[in-house]
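The values are calculated or read from the model by the stated rules, or taken from the named source; none is laboratory data. Model, not experiment: these values are computed from the prediction. Neighbour counts are summed over all protein chains in view; Cβ atoms, including those assigned to glycine, are modelled from backbone coordinates with ideal geometry. Ligands, DNA and RNA are stripped out before the accessible areas are found, and what is left, the full protein with its side chains, is counted by its heavy atoms. Shrake-Rupley method; radii C 1.70, N 1.55, O 1.52, S 1.80 Å.
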Amino acid sequence: MRLKKLFASILLLLIILYGWAYFTNPGRDTPRLRATGYNGHFTENPAESYEDYIKLSRSNIEAARKLAHVDASPKIIDENAPVALFPDSAACKSTNGKFEKGILLIHGLFDSTYPMQQLGKFFQSKCFVVYVILLPGHGSVPGDLLHTTYNDWVAATHFGRVKLAEKVDKIYLGGFSDGGLLAINEALLAPDNIQGLFLFAPALKLKTSLAPLIPAVYWASRVLPRLQWWSVSNDNASARYNSIPINPVYQTKELIRIVHAKLKQQMLQLPLFIEESAQDLTVDPSATLRFFKKNKNPRSVMLWYYEHDYPLLGEARMQRIHSYLPGQNLLSMSHLSFTLRDDDPIYGKNGEYKDCSPYTPHTPAWSVCENGGDELFYGELIDADLKAHIIRRITFNPFYDYFTDQMTKFLAAQ
């Protein structure tokens, strides 16, 4: 009898738990938090041209966003869609219809191609053919990331490299955050075919105390829909997601594990150009630093932004840039601050997007963060700094001209 009561109690508890998870799932009443079916996976067609891929991606973004009742205007599609940039054929050397150099640029998790497009124009000015791919699940609505796998991202990256090879003789890869991880993974597949890597805060290790719980939450989310979402926000950014599903975080963690296993077998010795901040709160900067130190190529370069001094340095190939400039209201560089100028219309100092997530809307601190002023500081959302200042998470690079000058010198040395 006691056993029957125990089983009945457990069954009742499971029914209640499932009911809670089902009825509190934010995707039930919010179309943008549901998969649209247009943009979640990558289906490779070797015969497809990169231009066809761009057209299909634009069509899928538009269809997905319209289905979810969010902005699907041409401006929004331009900000999110894949891009192809070609150099001036009169000024840049080409042979038999192929240019000498090309670079595949890969954006980060919850992002779009937009933060890589300005960087693409820099490489275009250096006679590069530039392909900026859109990772599956991105550019439309957050719900499209609910079922995407890291294999979709790997396949899209490989497709981009193969198609770029049809246009150029020498290939570079560049990636931000998850895109940097994917660039490393792709280079490990064919290191002899890659000239070098540009890595901007590559996701070699997640920096969260909750990382050990990610697999358990992911598997639980397969049966309890409420657990599919790490956090839900208003998603008012035009070129990135603010709502975070657990699935892509889990997929990133899995890809990190796989890439590290490969690196134990074969460390990349290609020339590396890396940007990282010691204050990065999204990825672990010490993992990036260790990866760089294991690369022994004398032409490799690392730009290391720091607020306070940091151990494990003393590397001649590293350039240490002091980003603590309180006289300019700059405290540190954040995970989002590497690839864009301070005058960018979306992410710049006076841009449309403002990360004021530490503050409750319509409070005095939030108003300062939103509207600016002498009290506002820029930096990563570090607890100690948040206690001392009102901070807007910095989404632009105050050192952008220096950064591009160093990339120019890096390219000249190859």
Nearest-0.05 FRET efficiency for Asn242 and Arg222, computed from C-beta distance (R0 25 Å): 0.55
So what is the calculated 222 nm ellipticity per residue for the chain, using -39500 (n - 2.57) for each DSSP H run with n of 4 or more, over all residues, to the nearest 500 deg cm²/dmol? -11500 deg cm²/dmol
In the list [x] 83, 47, 37; [y] 82, 56, 46; [z] 71, 48, 37, the entry giving Cα extents along the principal axes in Å computed from the coordinates is [y]
In the structure displayed, which of Lys262/Lys296; Lys207/Lys349; Lys205/Lys294; Lys170/Lys296 lie more than 19 Å apart, Cα to Cα? Lys207/Lys349; Lys170/Lys296
A chain fully extended from Asp71 to Phe86 at 0.36 nm per residue, minus the present Cα-Cα distance, gains in nm 2.5 nm
Comparing Phe99, Phe110, Phe176 in a Gaussian network model of the chain (Cα, 10 Å), the one with the largest mean-square fluctuation is Phe99
What aspartates and glutamates sit close enough to Lys66 to cross-link, taking a C-alpha to C-alpha distance under 18 Å and skipping anything fewer than 8 places away on the same chain? Asp29, Asp78, Glu79, Asp144, Asp235
Of the heavy-atom accessible surface of segment 234-317 (probe 1.4 angstrom), what whole percent is carbon and sulfur? 53
Considering only protein heavy atoms and a probe of 1.4 Å, how much of the accessible area of segment 107-179 is carbon and sulfur, as a whole percent? 50
As a test, work out the antiparallel percent of DSSP beta bridges whose residues both lie in the chain, rounded to the nearest 5. 20
Taking amide H positions as placed in the peptide plane 1.01 Å from N, state which residues far from Leu303 in sequence (5 or more) or on other chains have amide H under 5 Å from it. Ile274, Glu275, Glu276, Gln319
Please give every one of the lysines within straight-line cross-link reach of Lys163, meaning a C-alpha to C-alpha distance under 23 Å, and leave out same-chain neighbours fewer than 8 residues apart. Lys55, Lys93, Lys98, Lys101, Lys121, Lys126
Cα gyration tensor shape of segment 33-84, rounded if a/c is under 1.5, else prolate or oblate by comparing a/b with b/c: oblate
Within 10 Å of each candidate Cβ there may be at most 16 other Cβ atoms; applying that plus a DSSP loop requirement, which GluC sites (Glu not before Pro) in segment 299-394 survive? Glu315, Glu352, Glu375
Label-point separation (nm) for Lys126 and Ser233, each offset 7 Å from Cα along Cα-to-Cβ? 3.1
Share of antiparallel DSSP beta bridges in segment 49-176, in percent to the nearest 5? 30
Where does helix 178-189 land angle-wise versus the long Cα axis of the chain, in degrees 0 to 90, nearest 10? 60
Quick one: accessible area per residue over the chain, 1.4 Å probe, rounded to a whole number of Å²? 45
Amide hydrogen neighbours beyond the local backbone of Ile390, cut-off 5 Å, H modeled: Phe377
Calculate what fraction, in whole %, of the accessible area of segment 344-389 sits on carbon and sulfur atoms when a 1.4 Å probe is rolled over the protein chains. 50
Once you have the Cα-Cα distance between Leu210 and Val162, take 0.36 nm times their residue separation minus that, and quote the gain in nm to one decimal. 13.6 nm
